[in-house]
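Comments concern the structure below.
The values are calculated or read from the model by the stated rules, or taken from the named source; none is laboratory data. Fair warning: this is a prediction, and the values are worked out from it, not measured in the lab. Neighbour counts are summed over all protein chains in view; Cβ atoms, including those assigned to glycine, are modelled from backbone coordinates with ideal geometry. Just so you know, the surface numbers come from the protein's heavy atoms only, side chains and all, with ligands and any DNA or RNA stripped out. Shrake-Rupley method; radii C 1.70, N 1.55, O 1.52, S 1.80 Å.
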Amino acid sequence: MKKLTLYMLSILMMVLSANVLAGGHKEAMKDPKKMEEFLEKRLDKATGMESRQKELGEKVAAIVKEMSPEKGDLDPEVLGHYVNIAVRTMNHNSSYQHEFNDALVKLHLTAVAFAKDQNMYEELVANDVKTTKFMMLRIGGGIKMTGREDFALKAIFEQTTCFYQLVDDLVWNSPTSVTYTSPFKRVLEASQKVRIFKGLTEQEVHENYIIPRYKAYAEIMGVKLDVSPLGPNGEVTVSLIKS
């Protein structure tokens, strides 16, 4: 645990250093006043909508209600807050274009990079499976009762925010097969320019982390999955193997 904590702190410090020193820092380094101005501007990610989040939420909620009248009412203040965070995230584009899943991607990569460095891939996967086992066992029970093995794919790719907040382009090829684009390449490439996640490839993430996790989930639910190799454009296809 101590090693992991220190590792995550080192990653955080490198990310912060990269953000502070990117773009315009050379001039700022020569003058304390310029450095102060540079940091004030660089570190301020406000959108200007902070005081109007409730109004923003009311407008978005009205659109959602019109398009999906069967959905329950959304709290406009909470909704406006999260829409503002989405805008704030998209505005974070000076070093590279950040997307809504950026923090999740970095956390996964930090864990995988640590596991690679410490030769602990098996332990990493086992720990992840332990945190999801309760839910997978419940789904497995439902599959046994109904005979609906396709519920296994829904459990992994539709039910949990852990997936759809990480990946935004899931396509159902059939009730028993899905395809999506691996989300790690963009952040890996941007990070490796400043020596973060050095030497780690998306291929390694897929083979040593993604595939073992999916197959472990399937085993708990009593089904079998085929997970494709990582495609040339990062595509991943996961299909049920009919028993």
- Item | Loop trypsin sites (Lys or Arg not before Pro), region 208-243, which have at most 10 other Cβ atoms in a 10 Å radius of their Cβ (DSSP) | K242
- Task: Find me the longest stretch of the chain that has none of the exposed chymotrypsin sites (Phe, Trp or Tyr not before Pro), where exposed means in a DSSP loop (not H, G, I, E or B) with at most 15 other Cβ atoms within 10 Å.
- Result: 101-243
- Item | Surrounding net charge for H206, when Lys and Arg each add one and Asp and Glu each subtract one, Cβ distance under 12 Å | -2
- Which trypsin sites (Lys or Arg not before Pro) does region 139-196 hold that lie in a coil by DSSP with at most 14 other beta carbons within 10 Å? R148, K193, R195
- So for I241, I220, what's the accessible-area order with a 1.4 Å probe, most first? I241, I220
- By accessible area of protein heavy atoms, probe 1.4 Å, what ranking do D31, D102, D75 get, highest first? D75, D31, D102
- Find, among the GluC sites (Glu not before Pro) in region 65-121, those assigned to loop by DSSP (not H, G, I, E, B) with at most 12 other beta-carbon atoms within 10 angstrom. E70
- Query: Distance from the Cα centre of region 210-237 to that of region 44-120, in angstrom?
  - Reply: 27 Å
- As straight-line cross-link partners of K71, the qualifying lysines (C-alpha separation under 24 Å, not fewer than 8 residues apart within one chain) are K54, K59, K154
- Labelled set [x] 25.4, 87; [y] 21.3, 71; [z] 17.7, 52; Rg and Dmax of the Cα atoms in Å computed from this model equals the value at [y]
- Message: Leaving out ligands, DNA and RNA, and with a 1.4 Å probe, what % of the accessible surface on the chain is carbon or sulfur?
- Response: 58 percent
